[in-house]
């Protein structure tokens, strides 16, 4: 029932290992589909090429959104939940049979949805707003996937109960597993919202009920659509803490505060989806203001805590090892040759400076009402979901391949370059999209050559520069993603086996030695970096209003 890992010492439940592997494989397949769709969309949005026809543009946009934002991430998160609740806790999987039922439901739903989209029977975009109607099998596929994912989340909680009963959990869960538990709680609320909205929509598509109220649909759907990305944030940050421990031997500088930050996510992050409903008459202005200001800022506070705590964890561990010269020797001497470390630290930078700053500003009612339907929002969630979550998941995969799949990482020198290539590609893509959105370029339109539009080349030649930069970033990011996909597939299916610690290409750091700092602050470099981040937030806040007001005046 178990094998003892000769690298980590963990007792690995063999039933859990199989489920982790199969969910991870389907996550990679989903990402491949999303990446292929992404490069097609980049060359379609660039009006100089305009690659896809109008029907295929919306078809591929639907396919890309579902695979990038739902299937890739949820498959990976289910694998992560199983890992965090069994391997990390040295416990058995509570019900392998139900684990396979969960996977079959998710895989069946994933295949069903993608087939319907590619057949042209679901050109409704990821939001699938009614009265747009897709084929009934499209809705059934989403329902099956959601039910399977909900079952997987339930098994995660079952594993925690089993670990507790078997005495494998002390007074509290490890911080990594605690963060996953926060993600799982958010997932339950999110997936239940999906069930509430998609079951009647499925019946409507079959003709069994006459209609679905469009305002009701939007309200409930965003309980799924936006909140699903908050599962990602909690899971992503849990992996940040895990990676800090694996790569430099760091533990959170204050676990209680880190746990409180995860609790803030559970309480407040889901209702921040209100910014998608600002023009809907179904909800009151008071509700909109509360959710897009006070509630959202409490969720942002949690992110700010983690944004300080994770780098401070790394810095304090590095300083305890003797890297104490100046403010940033700890940073320069970090294990940059470890692709898992570089992926996570670059994800922290990208998520904070691109996704985080724009998220705070664009989530406000006053700003969001202007930019919500522009490319700026697309650039924002490229900074969060792609630079943050996807790059983080890519990074931890470099540990999963040898530890769970028991295979060596092929082309390891190329693996060291891959996170940087993907980071700079998405960063350029994201910033260019934000700039285009500030000029008013719409989010979803196939053809944007509107006569007299302020974002046309004739009106403002600078727009052309940002389009080229967007395409350049997209191509570089595509290459970075393709390299990762090839490394993962070749390593898992054709790579040499890991037969012992001597075949392990990365490293698992010993806990950093304890040191008596007295009253000296243990992370001065992180404090300076945090002040730089706050300055960047303020600068972009005022430049954002300056830019928008200038364009608004032209209109």
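The values are calculated or read from the model by the stated rules, or taken from the named source; none is laboratory data. In this text the structure is predicted, and so the values were computed from the model without any measurement. For neighbour counting, all protein chains shown are included, and Cβ atoms are generated from backbone atoms with ideal geometry for every residue, glycine included.
Using the structure shown, decide if residue 196 is within 26 Å of residue 158 (Cα to Cα) and free of Cβ contacts under 8 Å to residues at least 40 places away in the same chain.
Details: within 26 Å of residue 158 (Cα to Cα): yes; free of Cβ contacts under 8 Å to residues at least 40 places away in the same chain: yes.
For residue 196, the condition - within 26 Å of residue 158 (Cα to Cα) and free of Cβ contacts under 8 Å to residues at least 40 places away in the same chain - is met.
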How many residues are in a helix (DSSP H, G or I) and in contact (Cβ under 8 Å) with a residue 40 or more places away in the chain if we restrict to the stretch 113-137? 5
Could you look through the stretch 522-555, keep only residues that are at pLDDT below 70 and in contact with a helix residue (DSSP H, G or I) (Cβ under 8 Å, 6 or more places away or on another chain), and pick out the one that is surrounded by the most Cβ atoms within 10 Å (Cβ to Cβ)? 551
Could you tell me whether any residue of the stretch 428-451 is modelled with pLDDT of 85 or more, buried (at least 22 other Cβ atoms within 10 Å of the Cβ) and not in a helix (DSSP H, G or I)? yes
Residue list for the stretch 51-82, restricted to those being free of Cβ contacts under 8 Å to residues at least 60 places away in the same chain and more than 19 Å from residue 122 (Cα to Cα): 51, 75
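Given the options 195, 182, name the one that is within 23 Å of the chain's Cα centre (by Cα) and surrounded by fewer than 23 Cβ atoms within 10 Å (Cβ to Cβ).
On the way: 182 fails: surrounded by fewer than 23 Cβ atoms within 10 Å (Cβ to Cβ).
None of the other options fit; the residue is 195.
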Exactly one of these conditions fails for residue 392: (1) at pLDDT 90 or above; (2) surrounded by fewer than 22 Cβ atoms within 10 Å (Cβ to Cβ). Give me its number. (2)
Residue 519 meets each of (1) over 23 Å from residue 359 (Cβ atoms); (2) modelled with pLDDT of 80 or more; (3) not assigned by TED's automatic domain parsing to the domain that holds residue 380 with one exception, condition (2)
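So, restricting to helices (runs of 4 or more DSSP H) that lie completely within the stretch 365-417, which ones have at least 1 residues that are within 20 Å of residue 241 (Cα to Cα), out of contact with any helix residue (DSSP H, G or I) (no Cβ under 6 Å at 6 or more places or on another chain) and touching a residue at least 12 places away in the same chain (Cβ under 8 Å)?
Numbers: elements: 365-371, 375-381, 391-403.
Hits in the stretch 365-417: 391-403.
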Does the stretch 165-173 include one or more residues that are over 21 Å from residue 138 (Cβ atoms) and touching a helix residue (DSSP H, G or I) at 6+ places or on another chain (Cβ under 6 Å)? yes
Taking the options 345, 341, 353, name whichever one is closer than 20 Å to residue 531 by Cα, out of contact with any strand residue (DSSP E or B) (no Cβ under 9 Å at 6 or more places or on another chain), assigned by TED's automatic domain parsing to the domain that holds residue 397 and buried (at least 24 other Cβ atoms within 10 Å of the Cβ). 345
Of everything in the stretch 51-68, what is touching a helix residue (DSSP H, G or I) at 6+ places or on another chain (Cβ under 6 Å) and not in a helix (DSSP H, G or I)? Give them in sequence order. 51, 52
Can you say whether residue 475 is within 22 Å of residue 419 (Cβ to Cβ) and surrounded by fewer than 18 Cβ atoms within 10 Å (Cβ to Cβ), as far as the supplied structure shows? yes
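If I filter the stretch 182-190 for residues that are outside the structural domain of residue 134 (by TED's automatic domain parsing) and at pLDDT below 90, do I get at least one hit? Write out each step before concluding.
Initially, the stretch 182-190 is screened for residues outside the structural domain of residue 134 (by TED's automatic domain parsing), giving 182-190.
Those still in the list that are at pLDDT below 90 too: 189-190.
Yes, the stretch 182-190 contains at least one residue that is outside the structural domain of residue 134 (by TED's automatic domain parsing) and at pLDDT below 90.
For residue 83, state whether it is assigned to a helix (DSSP H, G or I) and in contact with a helix residue (DSSP H, G or I) (Cβ under 8 Å, 6 or more places away or on another chain).
Numbers: assigned to a helix (DSSP H, G or I): yes; in contact with a helix residue (DSSP H, G or I) (Cβ under 8 Å, 6 or more places away or on another chain): yes.
Answer is yes for this residue.
Specify which of the listed residues (231, 271, 220, 239) is at pLDDT 90 or above and under 24 Å from the mean Cα position of the chain (by Cα).
Values: 231 fails: at pLDDT 90 or above; 271 fails: at pLDDT 90 or above; 220 fails: at pLDDT 90 or above.
Going through 231, 271, 220, 239 in turn, just one is at pLDDT 90 or above and under 24 Å from the mean Cα position of the chain (by Cα): 239.
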